[in-house]
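Asker: One structure is given below, represented as structure tokens, and several questions about it will come after.
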Amino acid sequence: MADKLLDIQHLGVHFAIGGLFDKSTLRAVHDVHFSVDRGDIVALVGESGSGKSTIAKLICRLEKPTSGKILLDGKDVLETEPHAAGKEYRKRVQMIFQDPFGSLNPVHTVAYHLSRPLQLHQIIRSNDLRPRILQLLETVGLRPAEDFIDKFPHSLSGGQRQRVAIARALATEPDLICADEPTSMLDVSIRMDILRLLTDLRNEQQTAFIFVTHDLAAARQLADRILVLYAGQLVEEATSDDLIADPKHPYAQLLLAAAPQQGGSLDTPLPAKPGAPKNVDPQPGCAFAERCSQAMDVCRQQTPGWTWMENKRRVRCYLYGDTRADEETTK
Ligand code: SF4
């Protein structure tokens, strides 16, 4: 039976924007719920501004939600560790950032970067520090590790820096790593190596990953399940194979059409009707209605809820059922 690690319940971030007389609300993330099992890889996919990186930051507690719950092993971490710097949670949930150039301090060596989490979380005695750092470098494929441990970031390639960032995230032996577009700034030839490394880490250490990406091919290669986001809301969840083979939500269909080839990404303009995601002062109705070629009257009047399908698949669209958001029950 699946061992549920993380449970996200109705997570939301709403910001007040605008001036004194034209106040608006930006719904960056709205009513997002999903779970991650131990050793699971879940991809969050969507266009820029869809809320996927914000969700990763919320889970890593680098941003504060305005609503919802984050449960780790069934415990509500916002209640049990109300301070964002909650040490125990940080030890168990780590983040890899998009930019391997900016995420390492240029004045410190690789050894320093990897020693910080080990010392901060009192994982290891100082005598054992160097052997453990060498071991971490070996784990992420920087071999021989002695050649890398005393280097500064500027003398490493982009792929090597990202491996150091991954080693740093692994130092605390976390249960979950949120990887925010970890390959998007790397050469195509190196991307595959990094994805293979993440897969190996999952297989060998049972580390779960939340993989934020705009690259559907990468999501399919790495993830067990894909969650599609639009305008801060989840609109479809399915196994990677099901979603790529037969996307249900019209927006997911557009994403796939925009990235039909291996290595394709959503940098390609989507073949959709013009219009921006409606997450500023959103009105009732489907957020995608303005761009959807199949929109019906009901789509503009009431927000669709979830329709559940086989294989734990769910889609938020009236084409598959008449569930309204205010009537739905979650499963
Ligand atoms: Fe299109 Fe309506 Fe489905 Fe929204 S609910 S995606 S507008 S068909």
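Asker: Name the residues whose placed amide hydrogens come within less than 5 Å of the amide hydrogen of E63, ignoring near sequence neighbours (fewer than 5 apart) on the same chain.
Answerer: For E63, the qualifying residues are L58.
Asker: When the gyration tensor of the stretch 168-267 is built from Cα positions, what are the square roots of 5 times its three eigenvalues, in whole Å, from largest to smallest?
Answerer: For the stretch 168-267, the ellipsoid semi-axes come out as 24, 16, 12 Å.
Asker: Please report, in debye to the nearest 20, how large the charge dipole of the chain is about its Cα centre when each Lys and Arg carries +1 at its beta carbon and each Asp and Glu carries -1 there.
Answerer: In total the dipole reaches around 580 debye.
Asker: Which net charge results for the neighbourhood of P106, defined as the other residues with beta-carbon distances under 12 angstrom from its beta-carbon, given Lys and Arg at +1 and Asp and Glu at -1?
Answerer: Taking every Cβ under 12 Å from that of P106, the sum is +2.
Asker: Considering only DSSP beta bridges where both residues belong to the chain, give the percentage that are antiparallel (nearest 5).
Answerer: Counting only bridges with both partners in the chain, antiparallel ones make up about 60 percent.
Asker: Moving on. Report the net charge of residues surrounding L243, where surrounding means a beta-carbon distance below 10 angstrom and charges are Lys +1, Arg +1, Asp -1, Glu -1.
Answerer: Here the charged neighbours net out to -1.
Asker: Then there is this: For R300 and K87, FRET efficiency with R0 = 51 Å and r from the beta-carbon atoms, rounded to 0.05?
Answerer: Efficiency, from the Cβ-Cβ distance: 0.60.
Asker: Write down, largest first, the equivalent ellipsoid semi-axes of the stretch 96-255 in whole Å, where each equals the square root of 5 times an eigenvalue of the alpha-carbon gyration tensor.
Answerer: 32, 16, 13
Asker: Thinking of the chain as a set of Cα atoms, what percent of all their pairs are more than 24 Å apart?
Answerer: Roughly 56 percent, once rounded to a whole number.
Asker: Also, I was wondering about something else. Report, to the nearest 10°, how far helix 188-205 tilts away from the longest principal axis of the Cα atoms in the chain, using its own Cα long axis and a range of 0 to 90°.
Answerer: The two axes meet at around 80 degrees.
Asker: Now for a separate question. If you take the beta carbon distance between K151 and M192 as r and set R0 to 22 Å, what does 1/(1 + (r/R0)^6) give as a FRET efficiency, to the nearest 0.05?
Answerer: Calculated value: 0.40.
Asker: Then there is this: Sorting check: for 229-235, 26-32, which peptide has the highest mean count of neighbouring beta carbons within 10 Å, and how do the rest follow?
Answerer: Order by mean packing, descending: 229-235, 26-32.
Asker: Sticking with this one: Only Cα pairs within less than 10 Å get springs; with that Gaussian network setup on the chain, which residue of I244, I70, I17 has the largest fluctuation?
Answerer: In this elastic network of the chain, the residue with the biggest mean-square fluctuation among I244, I70, I17 is I17.
Asker: OK, next. Could you check the simple spin-label distance between D76 and S184, using points 7 Å along Cα→Cβ, in nm with one decimal?
Answerer: Here the modelled spin labels are 3.3 nm apart.
Asker: Further, regarding this structure: Hey, what angle do you get for helix 158-170 against the long axis of the chain, alpha-carbon based, 0 to 90 degrees rounded to 10?
Answerer: So the helix axis and the longest Cα principal axis differ by about 90 degrees.
Asker: Given springs between every Cα pair under 10 Å in a Gaussian network model of the chain, which of I124, I166, I96 has the largest fluctuation?
Answerer: Residue with maximal mean-square fluctuation among I124, I166, I96: I124.
Asker: So, one more: Can you pick out the pairs among K4/K312; K57/K87; K64/K312; K4/K69; K64/K87 whose Cα atoms lie more than 21 Å from each other?
Answerer: Those over the limit are K64/K312.
Asker: Add -39500 (n - 2.57) for each DSSP H run of 4 or more in the chain, then divide by its residues: what number comes out at 222 nm, to the nearest 500 deg cm²/dmol?
Answerer: After summing the helix terms and dividing by the residues of the chain, the value is -8500 deg cm²/dmol.
Asker: Roughly what angle does helix 110-120 make with the longest principal axis of the chain, taking Cα atoms, 0 to 90 degrees, to the nearest 10?
Answerer: 80 degrees
Asker: Within the chain, what is the longest stretch that has no GluC sites (Glu not before Pro) placed in a DSSP loop and near at most 10 other beta-carbon atoms within 10 Å?
Answerer: Here the longest segment lacking exposed loop sites spans 1-309.
Asker: Only sites in a loop by DSSP and with at most 16 other Cβ atoms within 10 Å count here; which chymotrypsin sites (Phe, Trp or Tyr not before Pro) in the stretch 1-66 make the cut?
Answerer: Passing both the DSSP loop test and the Cβ count: F21.
Asker: Moving on. How high is the relative contact order of the chain, in percent, with contacts defined as C-alpha pairs under 8 Å that are six or more residues apart?
Answerer: Averaging sequence separation for qualifying contacts and normalising by length gives 19 percent for the chain.
Asker: Within 11 Å, Cβ to Cβ, of R161, how many net charges do the neighbouring residues add up to if Lys/Arg are +1 and Asp/Glu are -1?
Answerer: +2
Asker: Whole-Hz ³J(HN,Hα) for each residue in the stretch 139-151, computed from phi via Karplus 6.51 cos²θ - 1.76 cosθ + 1.60 with θ = phi - 60°, x for glycine and proline: what do you get?
Answerer: Karplus-based 3J(HN,Hα) across the stretch 139-151 equals 4, 8, x, 8, 10, x, 4, 4, 6, 10, 4, 9, 7 Hz.
Asker: Please name which of G51, A2, G159 has its Cα lying farthest along the dipole of the chain towards the positive end, using unit charges on Cβ (Lys, Arg +1; Asp, Glu -1) and the Cα centre as origin.
Answerer: Positive-end residue among those listed: G159.
Coordinate-derived values only; no laboratory data. What you see is a predicted model; the values in this text were computed from it and never measured. With ideal geometry, Cβ positions are generated from the backbone for all residues, glycine too; neighbour counts draw on all protein chains shown.
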